[in-house]
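Enquirer: Pasting a structure below so you can have a look.
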Amino acid sequence: MKGFTDEERDRIREELHRAGRELFTRFGLERTRIEDLTDEVGIGTSTFYQFFDSKEALYLSILVEERERVAAELAAELEAAPDVRAEVRLTIEHFLEELSSNPLYYRLLIEDEIRTLHGQLSEEIVAEHHREAMAAHDDHVDRWVSDPAFRVDDAERLQGLFRLLGFTIAAREELFEPAGAVDLYESSQDLLVDVVVDGLFVEE
């Protein structure tokens with residue numbers, strides 16, 4: 001990239017990711033302007049466009065980085081799982097914890113940021129992102145669906161189940177917190193995980 005050393009390019013890209021995480025989390029994709037991002041990093045708008053075509057492209061790049069981080073953390077946890085049932089439970093718990101503690105993911109899935117993202121990026125780019133996201137889980141999901149004790153033999157349906165489970169996170173803010181029942185939410189979520197995991201396996 002003309003005008004920058006490799007070290008400068010890496011630094012600017014890292015700073016844009018940092019600023020993007022902070023501003024997208026605080027204000028959302030639509031309300032964050034490119035000028036907000038460039039002011040935070042201390043670069044001009046023309047410099048931003050040397051790195052990303054749009055703020056949506058930056059958002060997607062941050063999501064890819066987040067996805068890789070989450071996948072690596074989950075893989076490390078799954079190494080200690082003694083069997084497929086334990087792997088499934090760990091994966092569901094990890095997914096729900098990540099969604100409840102990562103405001104960027106929460107905005108993307110629960111507050112419909114994904115609709116905005118789809119509206120601004122090309123269908124090809126969005127489709128490729130989803131293919132890569134699905135592929136990140138292919139190894140262990142394929143192993144699960146091929147296990148004789150596992151009730152689901154369709155990996156796509158299983159991914160759909162995980163997405164549906166993600167929306168239960170919104171219930172905490174919308175239903176349980178206003179009623180002062182956070183403890184009930186947490187115990188109910190534990191029960192939900194138990195029911196889902198048990199339901200995914202044939203009774204021994």
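Bear in mind that the values in this text are calculations on the coordinates, not laboratory data. Here the structure is a predicted model, which is why all the values come from computation and not from measurement. No Cβ is skipped: glycine too gets one built from the backbone with ideal geometry, and neighbour counts run over all protein chains shown.
Enquirer: For Asp198 and Arg9, compute 0.36 nm times the residue count separating them, minus their Cα-Cα distance, and round to one decimal in nm.
Expert: In short, 63.1 nm is gained.
Enquirer: Same structure again: Taking neighbour Cβ counts within 10 Å as the exposure measure, how do Asp6, Asp142, Asp147 sort from fewest upward?
Expert: Going from sparsest to densest Cβ surroundings: Asp6, Asp142, Asp147.
Enquirer: Starting at the first residue of the range 27-32, write each ³J(HN,Hα) from the Karplus equation 6.51 cos²θ - 1.76 cosθ + 1.60 with θ = phi - 60°, in whole Hz, x for Gly and Pro.
Expert: 10, x, 5, 5, 7, 7
Enquirer: Suppose each label sits 7 Å from its Cα in the direction of the beta carbon; what would the Glu77-Ala57 distance come out to in nanometres?
Expert: 3.4
Enquirer: Continuing with this model, one more query. Quick one: Karplus J couplings for the range 151-167, per residue in order, coefficients 6.51, -1.76, 1.60, θ = phi - 60°, nearest Hz, x for Gly and Pro?
Expert: 3J(HN,Hα) across the range 151-167, in whole Hz: 6, 9, 10, 10, 4, 5, 5, 5, 4, x, 4, 4, 5, 4, 4, x, 6.
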